[in-house]
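Colleague: One structure follows; several queries about it will come next.
The values are calculated or read from the model by the stated rules, or taken from the named source; none is laboratory data. Everything numeric here is computed off the predicted structure, so don't read it as measured data. A quick note on method: Cβ atoms are made from the backbone with ideal geometry, for glycine too, and the neighbour counts reach across all protein chains shown. Surface areas here come from the heavy atoms of the whole protein model, side chains and all, with no ligands, DNA or RNA. Shrake-Rupley method; radii C 1.70, N 1.55, O 1.52, S 1.80 Å.
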Amino acid sequence: MARIELRKIRKQWGEVVAVEDLDLVIEDGEFVAILGPSGCGKSTTLFMLAGIYMPTAGELLFDGIPVNEVEAKDRNVGIVFQSYALYPHLDVRRNIMFPLKFKGVPKAEAARRAVEAARLVHVEELLDRMPSQLSGGQQQRVALARALVKEPQLLLLDEPLSNLDATLRLSMRTEIKRLQRHTGVTTVLVTHDQIEATTMADRIVCMRKGRIEQIGTPEDLYERPDSLFVASFIGAPPINLLPGEARDGRLAVGGTELELLGAAAGRVILGIRPEALRPGEGGLPATVLDVEPMGRETLFLLETPLGQLRALLSGATAPYGAGDRTAFTFDPEDSILFSESSERRLPDVHVRLPA
Amino acid sequence: MAGYGATSRQRQRINAVLFLGPACVLLFFFFIAPVIVDIFVAFTDMGRTLRITELTTANFERMFTRDRRLAQTLVVTFMYVLATLAVFNVTFGLLLALVTTAVPERVGGFFRSVWLLPRMSPSVIYALLWAWAIDPNERGLLNQILINTVGIGPIDLMNDHPLLLIVVANGFIGASMGMIIFTSAIRAIPEHLFHAARVDGAGGLAIVRHITLPAIRWPLSFITVYQTLSLLVSFEYIWLITDGGPFYDTTVYALYVYKRAFESGQYAYGAALALMLVLLGIGLALLMWRFFDMKRLLQTPRIEVH
Amino acid sequence: MAAPATPAARDWEALARRARWRRTAGQSLLIAFLVAVSLPIILPYFWMFTISVSARTGGVESVVLWRASSVLVPAVVGFGILRIFTDDRRRLWAGAAAIAAAALLALLLLVGRDLHLQNYRFLWNPDIVEEIRGAATASIQFPSVWVAFRNSLALALTQTALVLFVSTLAGYYLSRFQFPGRGGFLQGLLVLHAFPAMTLIIPIFLLMYWSGLLDTLTGVVLVITTLELPFSIFIMKGFFDAVPWDIEMSAMTDGASRRQAFLRVVLPQVRVGMLAVGVFAFIKGWEEYVFVRTLLFDKQNWVMSLYIFWVSEDIMGVDYGIVAAVAVFYILPSFLLYIFCQKFLVQMSLGGIKG
Ligand SMILES: Nc1ncnc2c1ncn2[C@@H]1O[C@H](COP(=O)(O)OP(=O)(O)O)[C@@H](O)[C@H]1O
Ligand SMILES: [Mg+2]
């Protein structure tokens, strides 16, 4: 297995800069997810790891040695493409055996390993089918087997679940995680789906417009987002964001003022997650505008002096109906402040409801 | 409602005549009618006077039993078609497609347009270029190059290797067709397949062998059949460059047909000879059906209003 | 080829070196191959041009060709290298201008004194061919080059207009209307498309003779138009197929009749297709040789292809320069059209094959 390091990696096509100043270390055996909206350079990054694209600048190291120019075929990585990219004229068995052909593995052993890999992803009964006769989920499993059969030092997954239906996606999520644990292969998953990233990966790299916004565990990104972008990209339903003005230890938001804990001045943005809001005596007076049942939880849209807020309460039955008046409160640690100009988080600054 | 239906049907008929009429008339007079005329004339004795005095099967008797030149022509045709097809139209076309898609797109595009140039130039000019290039005296382009670089004396391609000459001259034009078709077929291969193969350890040649070639099987068969047919029936460049000579050395079947009719004035015999080509043409054209996407072609239109 | 037992044992640096070497060597080899096989095509065209601007009655100076090549080949190669390695537009232009200036200067110095336009005097002195020829042989009068030019233009333009008119109508009808026998019609057209019309030249000659169209431009135009039709109808049908139905549907909902919808709404959508078919038809008409040679006899009916053919037959040995100049004059329209409309033409030749 390998420890992967990217130093100031940059990729551009003509004038288009797809990836810029990428610094990232992936530890041996780690499961890292690259998360970001479509077009932010996730696949480009992955393809550079695979050796399909060559970085325009910067250094890519495997176990401390620069591999920028090493060809894809020499890198010993396994990759699953978004479209699976199964060879259409080869049956499943030959598809899985394909990578072994170029490693000088004897035919008999290659066949044995192909069956083994197929068993690992539960497609052993499909070995003699052609790719066109497989469903999306089956194709995806075959692609996984093909990526794993050569015992890669690095496994790359480019939006592997995006073409599957919801239930299949759920089971494949667990399946891929199981495989990664089982093989211990260093894995990089690319996805635009935050749930996929948070449920599967040890660490998440959040990207935006070709740059890294934040690297951290799912909890880091959720609780301590470095930027407005990360805060709004992670979490469903999305975080409440309210513009305000900090002055003299107080924060003016909407039509009211909050008490500022920590040093801040000027225009800021206050973020409060819907799950952080709970009913509480002496809190913000709130009028319920709308109620959305979401299975085991319920989402409320509230009109408060701060502005409109979304609040998520557990419980399938709503304690309030539209038009009800009540009060909501939150813990100061659950409030996040961002500078409006830099869009970065102001560390150790929180707000409290005035007593 | 009945009145409405009637006008609709009427309009439908008028539309058919309006839109399809011109095409039908032209296609009938210059495609269908000639086939019928050819079949008819093949069974007559039409000669230089263009008059028909009797119906006869003499042309076919002559063709199958007495025409000794015809046998030689067939041998030349066979060698010419096989060599041009194998070396240029398929192999070299494929090679050009592979190479021009493997270099940066701008470079590849440039060389593809260079190779299309002969096809786009007037045929008389193309023949003229060849005449200048292979001029047997020292001034010919080829001879200048040979004398100055290799050091071998002036050669006379036209007289010494006429078959080679027509194969190369036609091949330079024929290769571009394969090149274009194969290029588009290669482009149509999903890029991820190439990426996957590279990651799986395949080198350049292995990618060609395992990804590209399997994906262009159909275009390959199409080009083979299509070009066989065009080589069999076209004689324009041979006519212009060697005029079938020296002697009958480069007289292919199609040129022989033309000369029999328009130079010897044996129109009926020419028509009989041409009939073989017509039948062959129809046969191969039918065979080529297999390469078209029939379902898409015949998709029913969705607007029923006329 | 065997993979090392442990990934750590891989010699990444050696692999990188090999990859770098292979990449440069591979690309250079491929481009060298393309240059080598393309020179036999470019050189004759350049030779023809050189003759036309340098040859004097009685002889051909090939020195001009080699000197010019020795300047132009490095210039073109230099420009190619520049284009591959520079993405910056300003530097590209500057480099190109510098190369062009240097090449021009070198050309002036090396061959400037040998260049002249005397061979093109046939343009303003149309009898020149006849004069030169008269000195060599003594036979019937040659027409002026402008007669041939006018005939060629008339033939190509009428043919283009006819092909466009007929194939647009038919293509639209086949794309949009259902009628009994539509399938059969399309299949028949497909057979005609693949069927070599050249085989029908004898009966076509006879039909022309019987109908009195022999030795008339009208007859030739009709024949050439028809032979182009199966191809161009398919192209136009393809372009019409690509126009969304909704446009037409909404036009008709807005009260347009079917024919009005066709003229006002659909036709503007297939301009590119018509342009492509038109350009292609023009080039075909302009270059036609076999049919005009067979169906036209009178010298007043000569088109450019016949003119250049007889000019080269008669005075090739006497004055290369004039022949080359007439040839350049003849090829210029197709050449320019080809250069400027290349994109459409390539698109179309593909479309034509796909049906
Ligand atoms: N081969 C390429 N040529 C030019 N631009 C590209 C190429 N591949 C990707 N890009 C551009 O790079 C950016 C990032 O693309 P990509 O990495 O595919 O995004 P993601 O996978 O995050 O959706 C996009 O703006 C895309 O248009
Ligand atoms: Mg992507």
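Colleague: Enter the Cα centre distance for the pair segment C:208-257 and segment C:152-203, rounded to the nearest angstrom.
Modeller: Going from one Cα centre to the other spans 6 Å.
Colleague: Relative to the Cα centre, what is the charge dipole magnitude of segment A:55-142, using +1 at the beta carbon of each Lys and Arg, -1 at the beta carbon of each Asp and Glu, and rounding to the nearest 20 debye?
Modeller: Roughly 360 debye, rounded to the nearest 20.
Colleague: Please compute the average number of Cβ atoms from other chains found within 10 Å of each residue's Cβ in peptide B:30-43.
Modeller: Per residue, the number of nearby Cβ atoms from other chains is 5 on average.
Colleague: Can you compute the helix-only [θ] at 222 nm over the protein assembly as shown? Use -39500 (n - 2.57) per DSSP H run of at least 4 residues, normalise by all residues, nearest 500 deg cm²/dmol.
Modeller: Value at 222 nm, helices only: -17500 deg cm²/dmol.
Colleague: For the pairing of chain B with chain C, what total accessible surface becomes buried, with a 1.4 angstrom probe, in square angstrom to the nearest 100?
Modeller: What B and C bury together is about 9600 Å².
Colleague: Next up: Cα centroid distance between segment A:327-348 and segment B:11-59, in Å?
Modeller: Answer, in whole Å: 87.
Colleague: How much of the accessible area of segment A:4-229, probe 1.4 Å, is carbon plus sulfur, in whole percent?
Modeller: Roughly 50 percent of what the probe reaches on segment A:4-229 is carbon or sulfur.
Colleague: Further, regarding this structure: Could you work out the longest stretch of chain B that avoids the GluC sites (Glu not before Pro) located in DSSP loops with at most 13 other Cβ atoms within 10 Å?
Modeller: In chain B, the maximal stretch lacking such sites is B:139-262.
Colleague: Okay, next question. Mean shadow of chain C, computed from the convex hull of its alpha carbons, in nm²?
Modeller: With the hull built on Cα positions only, its mean projection is 29.9 nm².
Colleague: Here's a follow-up. Suppose all protein chains stay in the model; what accessible area per residue would a 1.4 Å probe give for segment B:161-275, in Å²?
Modeller: Values: 3440 Å² over 115 residues.
Result: 30 Å² of accessible area for each residue.
Colleague: May I ask you to find the residues of segment B:181-204 that are shielded by at least 50 Å² of accessible area once the whole protein assembly is considered instead of their isolated chain (probe 1.4 Å)?
Modeller: In segment B:181-204, residues shielded by partner chains: B:192, B:193, B:195, B:198, B:199, B:200, B:201.
Colleague: Using only Cα atoms and rounding to the nearest 10 degrees, what angle (0 to 90) does helix A:136-148 make with the longest principal axis of chain A?
Modeller: With rounding to tens, the tilt is 70 degrees.
Colleague: Further question: Going by average Cβ neighbours within 10 Å, how do the peptides B:159-170, A:321-332 rank, with the highest at the top?
Modeller: B:159-170, A:321-332
Colleague: What shape does segment B:1-87 have by the C-alpha gyration tensor, where a ≥ b ≥ c are the square roots of the eigenvalues, rounded means a/c under 1.5, and otherwise prolate means a/b greater than b/c and oblate the rest?
Modeller: oblate
Colleague: Using the Kirkwood formula over every pair of different C-alpha atoms, what hydrodynamic radius in Å results for chain A?
Modeller: Its Kirkwood hydrodynamic radius stands at 22.7 Å.
Colleague: Could you look at chain C and say what percent of its accessible area is carbon and sulfur, using a 1.4 Å probe and all protein chains? Intermediate values should be presented prior to the final figure.
Modeller: Details: 10630 of 16010 Å².
The C+S portion of the solvent-accessible surface of chain C is 66 percent.
Colleague: Could I ask something else about it? Distance check, please: which entries in C:284/C:343; C:237/C:284; A:42/A:150; A:150/A:209; C:237/C:343 exceed 28 angstrom between their Cα atoms?
Modeller: Violating the 28 Å limit, Cα to Cα: A:150/A:209.
Colleague: For chain C, which DSSP H helices look membrane-span-like by this rule: Cα extent along the axis of 30 Å or more and mean Kyte-Doolittle of at least 0.0?
Modeller: Span-like helices here: C:12-54, C:62-85, C:89-111, C:145-176, C:217-242, C:320-354.
Colleague: Compute and list, largest first, the equivalent-ellipsoid semi-axes of segment B:66-293 from the alpha carbon gyration tensor, each √(5λ) rounded to a whole angstrom.
Modeller: Working: eigenvalues 247, 130, 36 Å².
Semi-axes from the Cα gyration tensor: 35, 26, 13 Å.
Colleague: Using only the alpha-carbon atoms, how far is helix A:92-101 inclined from the longest principal axis of chain A? Give it as 0 to 90 degrees, nearest 10.
Modeller: Tilt of helix A:92-101: around 80 degrees.
Colleague: Something else about it: Assign unit charges at the C-beta atoms only (+1 for Lys and Arg, -1 for Asp and Glu), then state the dipole size of chain B relative to its Cα centre in Debye, rounded to the nearest 20.
Modeller: Details: 23 positive and 18 negative charges, 223 e Å.
That gives chain B a dipole magnitude of about 1080 debye.
Colleague: If you filter segment A:178-270 for trypsin sites (Lys or Arg not before Pro), then keep DSSP loop positions with at most 16 other Cβ within 10 Å, what is left?
Modeller: In loop regions of segment A:178-270 (DSSP not H, G, I, E or B), the sparsely surrounded trypsin sites (Lys or Arg not before Pro) are A:209.
Colleague: Additional query: Pairs A:103/A:177; A:101/A:177; A:8/A:101: which exceed 30 Å Cα-Cα?
Modeller: On the way: A:103/A:177 27 Å; A:101/A:177 28 Å; A:8/A:101 35 Å.
Correct reply: A:8/A:101.
Colleague: Quick one: check the C-alpha center-to-center distance for segment C:265-324 versus segment C:32-53, whole angstrom.
Modeller: The two parts, judged by their Cα centres, are 22 Å apart.
Colleague: Taking the radius of gyration and the Kirkwood hydrodynamic radius from Cα positions alone, what is the Rg/Rh ratio for segment A:238-352, to two decimal places?
Modeller: Answer for segment A:238-352: 0.99.
Colleague: Could you state the angle between the C-alpha long axis of helix A:166-183 and the longest principal axis of the C-alpha atoms of chain A, as a value from 0 to 90 degrees rounded to the nearest 10?
Modeller: 60 degrees
Colleague: Can you work out D for the protein assembly as shown in µm² s⁻¹ from Stokes-Einstein, where Rh is the Kirkwood radius over C-alpha pairs, the temperature is 20 °C and the viscosity is 1.002 mPa s?
Modeller: 62 µm²/s
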